[in-house]
Amino acid sequence: MPGNKYSSSNLPGTPRTRLERLLRERELKRFSRDFNEGEGELSSAQDSFSPESSTSWLNNEESLQPLSGARTSHDGGARQDFQASKQRLLVVANRLPVSAVKHGDSWQLEMSAGGLVSALLGVTEFDTRLMQNCIPVFIEEEIAHQYYNGYCNNTLWPLFHYLGLPQEDHLATTRNFKSQFEAYTKANQCFADVVSKHYEEGDAVWCHDYHLMFLPKYLKERNSDMKVGWFLHTPFPSSEIHRMLPSRSELLKSVLSADLVGFHTYDYARHFVSACTRILGLEGTPEGVEDQGKLTRVAVFPVGIDPDRFIQALELPQVKDIVKELKQRFAGYKVLLGVDRLDMIKGIPQKILAFEKFLEENPDWRHKVVLLQIAVPTRTHVLKYKQLTSQVHEIVGRINGRFGSFSSVPIHHLDCTLDFHTLCAIYAITDVALVTSLRDGMNLVSYEFVACQAANKGVLILSEFAGAAQSLGAGAILVNPWNVAEVASSIGYALNMSADEREKRHHHNFLHVTTHTSQGWAETFVSELNETIVEAQLRSRQIPPPLPIEAAVDRYACSNNRLLILGFDATLTEPLDALWRKGNQIKELKHKIRSDLREPLRKLCDDPKTTVLVLSGSNRNALDNNFGDFNLWLAAENGIFLRATMGEWMMTMPENTSMDWVDSVKHVFEYFTQRTPRSHFELRETSLIWDYRYSDAEFGRLQARDLLMHLWTGPISNLSLDVVQGSQSIEVRSVGVTKGAAIDRILGEIVHNKGMKEPIDYVLCMGHFLAKDEDIYSYFELMLPSETPTSSSSQVPTPFGTPTAGSSAAPLKKQHSLSPGKKSSFIGDSMLDPMMGADRMSLLEGSSLINLQAENYFSCSVARKRSKSRYLLRSSDEVLELLRGMANHC
């Protein structure tokens, strides 16, 4: 694909690496912010937020549009500042940032609760006109019920928080997994419809949370150029947990349709990549997950809050009044605080039991410490939540009855939601905050507490299972909430902590909270999304364009002497994914031609104007078993063995090739096969292959790395051998044994055997070849004339960077072959007739009969995007379409 020489990436001084670009963008934003603050009096009306450039939530969607870069100076001339160019951001979430509340006869919009809304309130553009740009997504009641109460809350949410899957006969709200999943996909389709309706070219779409895991896929299906990011606000479980989900593969593949996938912590990102590797068999890289050249970037973006909102609230008179009242109320007491949703994952019972143990073991602290537990009710109609509420109330009542008195009780438990000002006041007077989540995506309560502790320097006790532990762990006391004794001991340590240590711990936490804000979180994600798109465009230039099948068939029909070179594995065989889904792992070891390919292939083989060559790395038996009844040529083990189906096998290997290394390499392969479950090795006549495609993906890669070290430091350290690494295999072969090295001798034998007189004027070379064997593409490129055509009515446009054809250039002589002087001979009883001597070999070189124009040469990689070929066929299904089209012209 042609590159644009005027693109920004080619201009001098333009940052070329991701780090350079991100740092430059950050500096430009900082300069722009300082510039706007310093010259605010110069701003005209166009610089304020307008309906065209303000925040919009597209229902569960929002749209963020930074101001454009034009500004008016004193002299009235326009100048360009350094703000980012205008871009809308559509933020799609299951819940709107506002709720409609009825007051009397009127309805009012009030800010909704939730971590996503709390984070986005810190983003300046969202906070400006958040309520004015909300666009709802309407879903049928039954679908919404099964989607939200069923699949989201009864399946995904428990699984992502390590609570396991519910039994189908115990589902309280819906029928079964299948109906829930169907409703989930339909709801995601509804979101995609609304986004597509409001989408404009250049917009970025930011999808949020487990409710919308199918949305990236549906959006990309509608517009493959759409910028799509997806962020998860919950934990992502270990692959061993995620694999229990019946729809595990579909969800992962859908999320991978996004350009950028974000998580709160490295652990969650690592689990996601591991799930894609172990469940889908894809390759995990430091950048993300790669699937046939398409890279989905996976990165960590710890969410934050707007600390200024809390710090400034503490200066308000009404907040100061509440603080004064609370200090009087709890005078003489140390205050412990818990603020949680009344949810199974928040660990409220564990927290209260730990406090009880602390009072048991520390009688001196009785009547000197009080626990304020704010439990915000949630899903009150669900039986499990009702049972949890009863359990908490029972424990609180028992402890208060045991350690309380007529004048005071040790636990103040409130089942309610507090207003913002009251919450800030409670944070401010707290001495120790207790966050004992059993599993939590991030938990911003810990951030809010730290933001309000500038004066008190309170201590944070934080569960190691909360995402915030990876951010605030150095300044907090980390605990295992399941270990009640450890939490009780930590409470005592926090209450007795010296003022100096409290100061140091608070300073660390406060610095992190005030520098890692929600504004920075959003800006970083959007910057990474834009950067990911740029890098994807750079990578796409290295991917061959799709084969124009119709043009390839038309050129085939117009040619007189055609040569079709076809790979076997993953080209003429069943698609690998289909075999994997059917569980035919053992059958796949015996490669078998697709049944629907037999008829069109037979027609091509019987066409007198067409020569078909199957060139494969497979052994001779595999090719004999599949193509013994076809009239074609077979080249086994990368062209070392050759025969027409009506003839005998012959060898093309040079006589000085030694196979003495086989036994030592075989011992290494046997050893690693024994220690790597579900791996196997294949001993061929000229090479050995160790295959670990059915092994655990991560373990297989580790074993492959270890195997390579054993090879290079042992049996092949001083030998002339090639080690060829496939996607999930390692092959050892003699140096120079490639498809490109063998093709000239193969063509020579074919030309001689068929008595071919008319020049070959059409070549199709396609296969799922290893990079080492792609020199066969280069062989034919060298056969092409180097002159540029003046006109051609039927010419097929060639990809950027490949040679073009000349209208009347003479055929070129051989440019690339093995030395004719190295005649073939055979060392070993298993190999059949060697090819003839050097004199005859020089007469058989097939390149002398090639008269090929560029528009008649089609090199195609099959399901391998990183390739030197001219074109790409995505699967064997497209191979079938191509061969059928050609067969119709036989």
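The values are calculated or read from the model by the stated rules, or taken from the named source; none is laboratory data. Note that the structure is a prediction, hence the values are computed from the model and not measured. A quick note on method: Cβ atoms are made from the backbone with ideal geometry, for glycine too, and the neighbour counts reach across all protein chains shown. Accessible surface is based on the protein model in full, side chains and every heavy atom, while ligands, DNA and RNA are left aside. Shrake-Rupley method; radii C 1.70, N 1.55, O 1.52, S 1.80 Å.
Comparison of 488, 466 shows that the only residue that is surrounded by fewer than 24 Cβ atoms within 10 Å (Cβ to Cβ) and assigned by the TED database to the domain that holds residue 333 is 488. Of all residues in segment 478-485, one or more are touching a Gly at 6+ places or on another chain (Cβ under 9 Å), open to solvent by 30 Å² or more (accessible area, probe 1.4 Å) and assigned by the TED database to the domain that holds residue 421.
The requirement of being surrounded by 20 or more Cβ atoms within 10 Å (Cβ to Cβ) and modelled with pLDDT under 85 is fulfilled somewhere in segment 801-815, by at least one residue. Pairs linking a residue in segment 531-549 that is within 20 Å of residue 886 (Cα to Cα) to a residue that is open to solvent by less than 60 Å² (accessible area, probe 1.4 Å) and in a loop (DSSP other than H, G, I, E, B), with Cβ atoms under 8 Å and 6 or more positions apart or on different chains, are 548/796. Looking at segment 518-555, which of the residues that are of a type in the set (S, T, N, Q) and under 26 Å from residue 854 (Cβ atoms) is most open to solvent (accessible area, probe 1.4 Å)? Result: 542. Output yes when any residue across segment 240-248 is in contact (Cβ under 8 Å) with a residue 60 or more places away in the chain and within 11 Å of the chain's Cα centre (by Cα), and no when none is. No - not one qualifying residue is present in segment 240-248. The residue of segment 361-416 that is nearest to residue 153 (Cα to Cα), among those that are in contact (Cβ under 8 Å) with a residue 40 or more places away in the chain and among the acidic types (Asp, Glu), is 415. Scanning segment 255-276 for residues that are within 10 Å of the chain's Cα centre (by Cα) and farther than 20 Å from residue 534 by Cβ gives 255, 269, 272, 273, 276.
Among the residues that make up segment 203-221, is at least one of them touching a residue at least 60 places away in the same chain (Cβ under 8 Å) and surrounded by fewer than 22 Cβ atoms within 10 Å (Cβ to Cβ)? Yes: segment 203-221 contains one or more residues that are touching a residue at least 60 places away in the same chain (Cβ under 8 Å) and surrounded by fewer than 22 Cβ atoms within 10 Å (Cβ to Cβ). Being β-branched (Val, Ile, Thr) and at pLDDT 95 or above is a property that holds for residue 335. Taking the numbered list (1) over 36 Å from the mean Cα position of the chain (by Cα); (2) open to solvent by 50 Å² or more (accessible area, probe 1.4 Å); (3) not hydrophobic (A, V, I, L, M, F, W, C) in turn, residue 515 passes all entries but (1). The single condition among (1) touching a Gly at 6+ places or on another chain (Cβ under 6 Å); (2) in contact (Cβ under 8 Å) with a residue 60 or more places away in the chain; (3) not basic (Lys, Arg) that residue 753 does not satisfy is (1). If you go through segment 672-691 one residue at a time, do you hit one that is at negative phi, of a type in the set (S, T, N, Q) and open to solvent by 50 Å² or more (accessible area, probe 1.4 Å)? So far as segment 672-691 goes, yes, one or more of its residues are at negative phi, of a type in the set (S, T, N, Q) and open to solvent by 50 Å² or more (accessible area, probe 1.4 Å). Residues in segment 290-315 that are over 9 Å from the mean Cα position of the chain (by Cα) and β-branched (Val, Ile, Thr): 300, 303, 305, 311. Determine whether segment 713-726 contains at least one residue that is under 26 Å from residue 768 (Cα atoms), more than 36 Å from the chain's Cα centre (by Cα) and not in a strand (DSSP E or B). Checking segment 713-726: at least one residue is under 26 Å from residue 768 (Cα atoms), more than 36 Å from the chain's Cα centre (by Cα) and not in a strand (DSSP E or B).
Before we move on, is residue 840 open to solvent by 20 Å² or more (accessible area, probe 1.4 Å) and either more than 48 Å from the chain's Cα centre (by Cα) or modelled with pLDDT of 85 or more (or both)? Judged against the criteria, residue 840 is a match. How many residues, within segment 604-632, are in contact with a Phe, Trp or Tyr (Cβ under 6 Å, 6 or more places away or on another chain) and closer than 14 Å to residue 562 by Cβ? Number satisfying all stated conditions: 2.
Kindly indicate which of 259, 306, 343 is under 29 Å from residue 424 (Cα atoms) and open to solvent by 10 Å² or more (accessible area, probe 1.4 Å).
Checking each option against the conditions leaves just 306.
Selection of first residues in segment 497-525 that are over 24 Å from residue 261 (Cβ atoms) and of second residues that are assigned to a loop (DSSP other than H, G, I, E, B) and of a type in the set (A, V, I, L, M), restricted to Cβ pairs under 6 Å at least 6 apart or on distinct chains, gives the following pairs, ordered by first then second residue: 508/474. Among the residues of segment 672-693, those that are in a loop (DSSP other than H, G, I, E, B) and within 12 Å of residue 619 (Cβ to Cβ) comprise 684, 685, 686. Contact annotation: residue pairs with Cβ atoms under 7 Å, 6 or more positions apart or on different chains, pairing a residue in segment 614-625 that is in contact (Cβ under 8 Å) with a residue 12 or more places away in the chain with a partner that is of a type in the set (Lys, Arg) and open to solvent by less than 40 Å² (accessible area, probe 1.4 Å), are 615/739; 619/684.
Any chance segment 870-889 includes a residue that's within 26 Å of the chain's Cα centre (by Cα) and under 21 Å from residue 747 (Cα atoms)? No, segment 870-889 has no match at all. Of everything listed in (1) of a type in the set (S, T, N, Q); (2) touching a helix residue (DSSP H, G or I) at 6+ places or on another chain (Cβ under 9 Å); (3) at pLDDT 95 or above, the single unmet condition for residue 400 is (2).
Selection of segment 647-671 for residues being in contact (Cβ under 8 Å) with a residue 24 or more places away in the chain and in a loop (DSSP other than H, G, I, E, B) yields 647, 648, 649, 652, 653, 655, 656, 657, 658, 659, 661.
Considering the conditions (1) modelled with pLDDT of 95 or more; (2) over 30 Å from residue 232 (Cβ atoms), residue 392 is excluded by exactly one of them, (2). Can you confirm whether segment 674-689 contains a residue that is in contact (Cβ under 8 Å) with a residue 40 or more places away in the chain, of a type in the set (Asp, Glu) and closer than 30 Å to residue 274 by Cα? The answer is yes; a qualifying residue exists.
Quick one: which helices (runs of 4 or more DSSP H) lie wholly within segment 348-458 and hold at least 2 residues that are open to solvent by 50 Å² or more (accessible area, probe 1.4 Å)?
By residue number, 348-361, 383-403, 420-429.
Please indicate, with yes or no, whether at least one residue in segment 129-143 is open to solvent by 60 Å² or more (accessible area, probe 1.4 Å), modelled with pLDDT under 85 and either in the same structural domain as residue 418 (by the TED database) or out of contact with any strand residue (DSSP E or B) (no Cβ under 6 Å at 6 or more places or on another chain) (or both). Yes: one or more hits. The number of residues in segment 870-886 being open to solvent by 10 Å² or more (accessible area, probe 1.4 Å) and not hydroxyl-bearing (Ser, Thr, Tyr) comes to 8.
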